[in-house]
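Accompanying notes for the structure given below.
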Amino acid sequence: MFSELKFPVPWGHVAAKAWGPSEGHPVLCLHGWLDNANTFDKLIPLLPRGCYYVAMDFSGHGLSSHRPAGCPYHFLDYVTDVRRVAAALQWRRFTLMGHSMGGAVAGMFCFLYPEMVDKLILLESLGFLLAPEDTEAWLKSKRRVIDRLLSLEAKQQTPKARSPEAALQRLLEANSHLTAEGGAILLQRGATETPAGLVYNRDMRARTQSREFFTVEQCVKLLQKIQDRVLIIVSQDGLLVPHNLPSRNHFVKALQEAFESTLKEHIQLAEVPGSHFVHLNEPEVVSGIISNFLTAQNTRARL
């Protein structure tokens with residue numbers, strides 16, 4: 001059983017869903033890019049029942065309000081969403097669990113507010129995004145954000161309505177790691193039924209988000225700020241293995257080397273069978289690892 005929550009913000013509200021006793025240990029759960037809080041629906045019921053889990057929808061996702069007209073989606077805006085929700089819940093210290101982009105948001109929040117996070121759980125995420133090595137590539141990425149935003153505003157397209165079958169099919173085509181069951185779970189919160197069919201809830205501008213990048217050296221230095229309380233779960237067929245992201249081989253390899261040389265004894269890194277959405281497709285594969293980490297008094301204990 002879960003309950004729905006709404007947190008007022010200046011442009012509307014941030015939506016969330018919660019499981020467990022409100023007096024339990026607080027755990028804030030952050031979904032991936034263009035996903036929503038339902039991504040944790042199958043995992044959370046398998047985790048320790050003494051915790052209070054709140055899974056939020058980032059602005060422009062799920063049931064949360066879209067940002068005001070003319071506003072782009074900056075990566076730090078999602079971090080601000082987390083800070084707003086924590087303030088609304090009056091949480092001074094809590095656990096963060098993030099999948100994919102949600103892991104990068106969780107990592108950034110930890111770097112900015114390390115005193116507020118007791119443990120960090122990253123699902124198919126390394127907690128940050130690596131900066132392009134080429135300056136021109138970095139500039140091009142920033143320019144693309146602006147151009148795409150202006151293009152969307154110029155088109156002023158009405159969200160397309162699809163049949164339930166077509167909406168699911170489109171979602172599965174865009175997310176090859178999702179099962180049909182997982183896609184249907186995400187659609188329950190990610191689309192609204194209209195007379196013409198299902199319309200995706202997500203704000204199209206969220207596809208143009210401006211990201212925050214780091215160098216490998218910065219990544220290691222930032223992780224050292226929160227070491228001994230970090231669990232990273234990587235799927236064998238996910239998006240963080242070199243053969244799945246050939247253009248980022250250097251990124252993955254460099255970070256793996258940094259983990260081995262600098263952070264090996266201070267960060268728990270678990271590799272599990274499964275895809276990018278293993279926590280949704282096969283939650284039992286990761287639930288035990290996460291449960292042990294949540295309940296461990298000394299997080300330095302090896303998995």
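For the listed peptides 288-295, 48-55, a ranking on the average number of other beta carbons within 10 Å per residue, highest first, reads 48-55, 288-295.
Remark: relative contact order (the range 1-127) = 25 percent; criterion is Cα-Cα distance under 8 angstrom and separation of 6 or more residues.
From most to least packed by mean Cβ count within 10 Å, the peptides 102-114, 77-89 give 102-114, 77-89.
For the set Lys17/Lys264; Lys6/Lys42; Lys17/Lys155; Lys119/Lys160; Lys155/Lys221; Lys6/Lys160, the pairs lying more than 31 angstrom apart at their alpha carbons are Lys17/Lys264; Lys17/Lys155; Lys119/Lys160; Lys155/Lys221.
Stokes-Einstein at 10 °C, 1.306 mPa s, Kirkwood radius from Cα pairs: D for the range 111-238 in µm² s⁻¹?
Numbers: Rh = 18.1 Å.
The estimated diffusion coefficient comes to 88 µm²/s.
The stretch between Lys225 and Ile146 holds 25.1 nm of extra length on full extension. This uses 0.36 nm per residue minus the Cα-Cα distance. Counting GluC sites (Glu not before Pro) as exposed when in a DSSP loop with at most 12 other beta carbons within 10 Å, what is the longest stretch of the chain free of them? By the stated rule (loop sites, at most 12 other Cβ atoms within 10 Å), 134-264. What distance in nm separates the two pseudo spin-label positions at Glu193 and Trp138, each 7 Å out from Cα along the beta-carbon direction? My value for the distance between the label points is 5.0 nm.
Test of understanding: what is the full-extension gain from Glu115 to Leu172, defined as 0.36 nm times their sequence separation minus their Cα-Cα distance? Please list the in-between numbers first.
Numbers: separation 57, 0.36 × 57 = 20.52 nm, distance 3.89 nm.
Taking Glu115 through Leu172 to full extension adds about 16.6 nm, to one decimal.
For an R0 of 25 angstrom, estimate the FRET efficiency from the Cβ-Cβ distance between Met1 and Arg92 and round to the nearest 0.05. Before the final figure, lay out the partial values.
Values: r = 27 Å, r/R0 = 1.07.
About 0.40, to the nearest 0.05.
A helix-only calculation puts the chain at -11000 deg cm²/dmol for mean residue ellipticity at 222 nm, using -39500 (n - 2.57) for each DSSP H run of at least four residues, averaged over all residues. Note on Gln297 and Leu239: the model spin-label points, each 7 Å out from Cα along the C-beta direction, lie 3.9 nm apart. For Ser210, the residues 5 or more places off, or on other chains, whose built amide H falls under 5 Å of its own are Tyr73, His74, Phe75.
When only the heavy atoms of the protein chains count and the probe is 1.4 Å, how do Ser151, Ser22, Ser141 rank by accessible area, highest first? Please report the intermediate quantities before stating the final value.
Details: Ser151 50, Ser22 85, Ser141 25 Å².
Accessible-area ranking of Ser151, Ser22, Ser141, largest first: Ser22, Ser151, Ser141.
Which percent, to the nearest 5, of DSSP beta bridges fully inside the chain are antiparallel? Given both bridge residues lie in the chain, the antiparallel proportion sits at roughly 40 percent. Report relative contact order for the range 2-295 in percent, whole number only (criteria: Cα-Cα under 8 Å, sequence separation at least 6). Answer for the range 2-295 is 21 percent.
Per q in 0.09, 0.12, 0.13, 0.14 1/Å, what log10 I(q)/I(0) does a Debye calculation on the alpha-carbon atoms of the range 1-159 return? So the normalised log intensities work out to -0.32, -0.55, -0.64, -0.73.
The 1.4 Å probe gives accessible areas that order Arg211, Arg205, Arg144, largest first, as Arg144, Arg211, Arg205.
Modelled spin labels at Gln156 and Gln218, positioned 7 Å past Cα toward Cβ, are 3.8 nm from each other. In terms of overall dimensions, the chain has a Cα radius of gyration and Dmax of 18.7, 58 angstrom.
Note on the chain: GNM, Cα springs under 10 Å; of Gln268, Gln90, Gln169, the largest mean-square fluctuation is that of Gln90.
The values are calculated or read from the model by the stated rules, or taken from the named source; none is laboratory data. What you see is a predicted model; the values in this text were computed from it and never measured. Cβ atoms come from the backbone with ideal geometry, glycine included; neighbour counts cover every protein chain shown. To get the accessible areas, we keep the full protein, side chains included, count just its heavy atoms, and leave off ligands, DNA and RNA. Shrake-Rupley method; radii C 1.70, N 1.55, O 1.52, S 1.80 Å.
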